[in-house]
Structures are given as C-alpha cells and as structure tokens.
Amino acid sequence: GGLFYLLCDEVSTLDWVVALQQLLDLINEVTKKAGKKLAALIQRQLQQWIAVLPSYIKACLPISCCES
C-alpha cells in the first residue's frame with residue numbers, strides 16, 4: 001500500500017520537473033531566435049523569476065542554461 005503512494009509521488013514530481021525543463025528549453029529557444037534587445041529582456045525576466053523561486057524548485061533547474 002505505502003509503496004504505491006511513494007511511487008505515485010515520485011512520478012508526479014518527475015512529470016513536474018520534466019514540464020519545467022521543457023518550459024525553460026522553450027524559453028531559451030525563443031531567446032536564441034529573438035533580437036538582441038528582446039533576448040536580453042527575456043533573460044533578465046527569467047533570471048528574476050528564478051531568483052525568487054523556492055530552493056527546492058531551483059534544485060530541479062539547470063540554472064547554468066539561464067545565466068548570462
């Protein structure tokens with residue numbers, strides 16, 4: 001019984017992490033195709049958003065891809 005619930009929690013966390021990673025990948029792709037000014041704005045906004053995230057969420061992110 002308890003093992004089932006532990007695995008369900010792990011799977012839902014994994015899906016959340018994958019979705020967040022895909023969102024960041026999409027934002028990075030848009031940034032690459034945008035002009036310099038728009039790309040800089042997107043990067044600043046993304047960095048500000050990441051800065052205020054709780055540490056347990058930051059631990060799931062590839063922060064290096066979002067840094068300048």
Subject >> Trp16-Trp49 pseudo-label distance in nm [points 7 Å out on the Cα-to-Cβ vector] >> reply: 1.7 nm
Original post:
According to the Kirkwood expression over distinct Cα-Cα pairs, how big is the hydrodynamic radius of segment 15-59, in Å?
Top reply: 11.3 Å
Original post:
Distance in nm between label sites at Asn28 and Leu61, each 7 Å beyond Cα in the beta-carbon direction?
Top reply: 1.3 nm
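Only the coordinates and a few stated rules stand behind these numbers; no lab work does. What you see is a predicted model, and the numbers here were worked out from it, not measured in a lab. Don't worry about glycine lacking a Cβ; one is built from the backbone with ideal geometry, like all the others, and counts go over all protein chains shown.
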